[in-house]
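The values are calculated or read from the model by the stated rules, or taken from the named source; none is laboratory data. Since the model is a prediction, treat every value here as computed from it, not as a measurement. Positions of Cβ are backbone-derived with ideal geometry, glycine not excepted, and every protein chain shown enters the neighbour counts.
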Amino acid sequence: MVNPWSGFRFNCGQSIDNRFMLAPMTTDASEQGGFISDHEVEYLRRRAQCGYGALISACAYVHEDGLSWHGVGASDDKHLDSLRIMADAMSSGGSRTILQIYDGGRIALPALVGAEKLRAPSPVPSLRPGALTPREMRSDEIEDLVSRFADAALRAKRAGFSGVEVHGANHYLVHQFISARSNKRTDHWGGDDDRRMNFPVAVMQAIRKAAGNAFIVGIRISPFEFESGGITLDYSARVCDRLAALPIDYIHLSLDNYRTNSPMREDRNWNVAEPETAASNANPIQTISRAVAGRCAVVASGSIRTSADAEGALIAGADLAAVGRAALIDPEWLIKLKRKEEHLLATKFPNGADEIASQLTVPPRMVDYLLSRPRWIPREGVQ
Ligand SMILES: Cc1cc2nc3c(=O)[nH]c(=O)nc-3n(C[C@H](O)[C@H](O)[C@H](O)COP(=O)(O)O)c2cc1C
C-alpha cells in the first residue's frame with residue numbers, strides 16, 4: 001500500500017511532501033469585485049500551517065458572466081494583488097498552492113450576473129429549483145472562454161501559485177459541456193461522446209501552453225451523474241483516457257463518499273437527509289485509475305475523515321487524497337492525523353454561528369451559507 005505520508009512528484013516536475021490535499025471549498029465571502037477578504041486570508045492561513053502536500057483554493061471565476069458565488073476572481077489583471085495575497089497565505093506553511101478556476105455556465109447566479117447574461121452549451125435549464133433557461137453560447141464565445149481559462153491560469157502563475165485546477169465537476173460549465181443532458185450542440189463542441197470532450201481538452205491544452213511545462217495543471221470531474229442520460233462511469237473513463245493523454249498533472253474525482261460511490265442528484269436538497277443512491281458496482285477510483293494508467297495522478301475526495309479513509313482511497317488506486325469538510329470542522333485535522341491523535345479530532349461544528357467563526361476561523365459569511373444548508377456539515381445539538 002502507498003503510504004499517504006510519502007512524497008509525490010507530478011509530471012511537471014514539482015514535488016509534494018505527502019499525499020494529502022486540502023479540497024477546494026468556496027467561502028462565498030469574498031469582497032465585491034472578486035477580491036479576497038481578510039476573513040478568507042485568516043481561514044486559509046490557519047489551514048496552511050498543517051502540512052498538506054498541496055492546498056486547492058475555492059473556485060475563482062474566469063469570466064464575470066459566470067459567477068455562481070461571491071468568490072474570488074481571476075478574470076482580470078485587477079485581481080492580481082488579491083491572488084498574490086491568497087497564494088502567500090496558502091503557501092505560508094510550505095505547501096504547494098493550486099488555484100481552482102471555474103465558470104458557472106447555466107448555474108451562474110442571476111442575482112450576481114443578471115438573468116439575461118446566463119449562457120451555457122445549450123439552452124437547457126439546470127434541474128435546480130427555479131433555474132432559468134440559459135442562452136446557447138456562440139462558438140466564438142466558447143473559444144473566448146477557452147482563452148479566459150488560460151489567461152486565468154497565467155495570472156495564477158504570476159501571482160505565485162504552483163498550479164491550477166479546472167473545475168470540471170459539480171455541474172459547473174465544464175461539466176455542462178461533458179454531459180449529454182446539458183450539451184445538445186451539434187458543432188465541434190458537442191453532438192457525440194467524443195466531441196463533448198472537446199471543451200475540457202481545449203481548456204487543458206490552452207492552459208498548458210500559457211502556463212508552461214513546470215506548472216501543476218489538474219482538472220476535477222464528477223465521474224457520474226444520478227440522472228438518466230447523464231455522465232456514466234464508463235463514459236468518464238473514456239473522458240479521462242483522453243485527458244490523461246494530454247500533458248496534465250492530475251485528474252481529481254469529486255465524490256460525495258469515496259466508499260459508497262453514490263452519485264448526487266443535481267437538485268439535491270441540502271436541507272433534508274437524502275438516502276444514498278446506489279451506483280454501479282464498479283469502484284470509480286479503480287475504474288478511473290485503470291483508464292489513466294499512471295499517465296497522470298488521480299486525486300480522490302469525498303468523506304475522507306481519518307487516516308484509514310485516506311489509505312482506503314489510495315488502496316482503491318488514487319495517488320492523492322483531498323479532504324474538505326473534515327478540515328473545515330477541525331482546522332488542525334492533518335496535524336492530529338500526523339501525531340496519531342485521531343481521538344482528538346472534532347467531528348461536528350459547535351452549535352453557535354459565532355463559535356464556528358471564531359473558534360474554527362471560518363469567515364462569518366461562509367458560516368451563514370453553511371448553516372443555511374443544515375444537512376451539509378454535522379453540528380452539535382442538531383439531529
Ligand atoms: C463549503 C464547501 C464549499 C465547496 N466548494 C467547492 C468548490 O469551490 N469547488 C469544488 O470543486 N468543490 C467544492 N466543494 C466540494 C468539496 O471540495 C468536496 O468535494 C466535498 O465537500 C466532499 O468532500 P468532503 O467529504 O471531504 O467534504 C465544496 C464543499 C464544501 C463543504
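Here are some conditions: (1) farther than 18 Å from Tyr172 by Cβ; (2) touching a residue at least 12 places away in the same chain (Cβ under 8 Å); (3) more than 16 Å from the ligand (Cβ to nearest atom). Glu116 meets all but one. Which one does it not meet?
Answer for Glu116: the failing condition is (2).
Taking only pairs six or more apart or across chains, which ones have beta-carbon atoms under 6 Å, a first residue in the stretch 355-383 that is closer than 13 Å to Asp330 by Cβ, and a second residue that is more than 11 Å from the ligand (Cβ to nearest atom) and among the hydrophobic types (A, V, I, L, M, F, W, C)?
Cβ pairs passing all conditions: Ile356/Phe349; Val362/Ile356; Ile377/Phe349.
Quickly run through the stretch 232-262 and pick out the residues that are buried (at least 21 other Cβ atoms within 10 Å of the Cβ), out of contact with any helix residue (DSSP H, G or I) (no Cβ under 6 Å at 6 or more places or on another chain) and either more than 22 Å from Leu320 (Cβ to Cβ) or of a type in the set (Phe, Trp, Tyr) (or both).
Residue satisfying the conditions is Tyr250 alone.
With the checklist (1) more than 15 Å from the ligand (Cβ to nearest atom); (2) hydrophobic (A, V, I, L, M, F, W, C); (3) assigned to a helix (DSSP H, G or I) in hand, flag the one item Ala131 doesn't pass.
Checking Ala131 against (1) more than 15 Å from the ligand (Cβ to nearest atom); (2) hydrophobic (A, V, I, L, M, F, W, C); (3) assigned to a helix (DSSP H, G or I), the one that fails is (3).
Quick one: Ala308 ticks every box in (1) of a type in the set (Gly, Ala, Ser); (2) without any contact (Cβ under 8 Å) to a residue 60 or more places away in the chain; (3) within 14 Å of the ligand (Cβ to nearest atom) bar one, so which box is it?
(3)
Would you mind telling me which numbered condition in (1) assigned to a loop (DSSP other than H, G, I, E, B); (2) touching a residue at least 40 places away in the same chain (Cβ under 8 Å); (3) surrounded by fewer than 19 Cβ atoms within 10 Å (Cβ to Cβ); (4) not hydroxyl-bearing (Ser, Thr, Tyr) Ile335 fails?
(1)
Of the conditions (1) modelled with pLDDT of 95 or more; (2) within 15 Å of the ligand (Cβ to nearest atom); (3) not in a loop (DSSP other than H, G, I, E, B), Tyr369 clears all except one; give me its number.
The failed condition is (1).
With respect to the numbered conditions (1) within 16 Å of the ligand (Cβ to nearest atom); (2) under 22 Å from Met366 (Cβ atoms), which one is the sole condition not fulfilled by Pro4?
Of the numbered conditions (1) within 16 Å of the ligand (Cβ to nearest atom); (2) under 22 Å from Met366 (Cβ atoms), the odd one out for Pro4 is (2).
I need a count of the residues in the stretch 69-94 that are in a loop (DSSP other than H, G, I, E, B) and more than 19 Å from Arg325 (Cβ to Cβ).
8
Residues to consider are Ala293, Ala310; find the one that is over 20 Å from the mean Cα position of the chain (by Cα) and under 25 Å from Asn11 (Cβ atoms).
Ala293
Answer yes or no as to whether Arg47 is farther than 18 Å from Glu266 by Cα and either in a helix (DSSP H, G or I) or without any contact (Cβ under 8 Å) to a residue 12 or more places away in the chain (or both).
Here the answer is yes, as Arg47 does meet what is asked.
Is one or more of the residues making up the stretch 61-77 at pLDDT 95 or above, among the hydroxyl-bearing types (Ser, Thr, Tyr) and within 15 Å of the ligand (Cβ to nearest atom)?
Checking the stretch 61-77: at least one residue is at pLDDT 95 or above, among the hydroxyl-bearing types (Ser, Thr, Tyr) and within 15 Å of the ligand (Cβ to nearest atom).
In contact with a Phe, Trp or Tyr (Cβ under 7 Å, 6 or more places away or on another chain) and within 13 Å of the ligand (Cβ to nearest atom): does that describe Leu22?
Taking the combined requirement at face value, the residue satisfies it.
Each row is one residue, and each column tells you yes or no for (1) in contact with an Asp or Glu (Cβ under 6 Å, 6 or more places away or on another chain); (2) crowded, with 20+ Cβ neighbours inside 10 Å; (3) farther than 21 Å from Val217 by Cβ; (4) β-branched (Val, Ile, Thr).
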| position | (1), (2), (3), (4) |
| --- | --- |
| Met137 | no, yes, yes, no |
| Leu145 | no, yes, no, no |
| Phe149 | no, yes, no, no |
| Gly160 | no, no, no, no |
| Gly191 | no, no, yes, no |
| Pro200 | no, yes, no, no |
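So which of Val166, Val174 ends up being of a type in the set (A, V, I, L, M, F, W, C), within 16 Å of the ligand (Cβ to nearest atom), in a strand (DSSP E or B) and under 26 Å from Cys12 (Cβ atoms)?
Of Val166, Val174, the one residue that is of a type in the set (A, V, I, L, M, F, W, C), within 16 Å of the ligand (Cβ to nearest atom), in a strand (DSSP E or B) and under 26 Å from Cys12 (Cβ atoms) is Val166.
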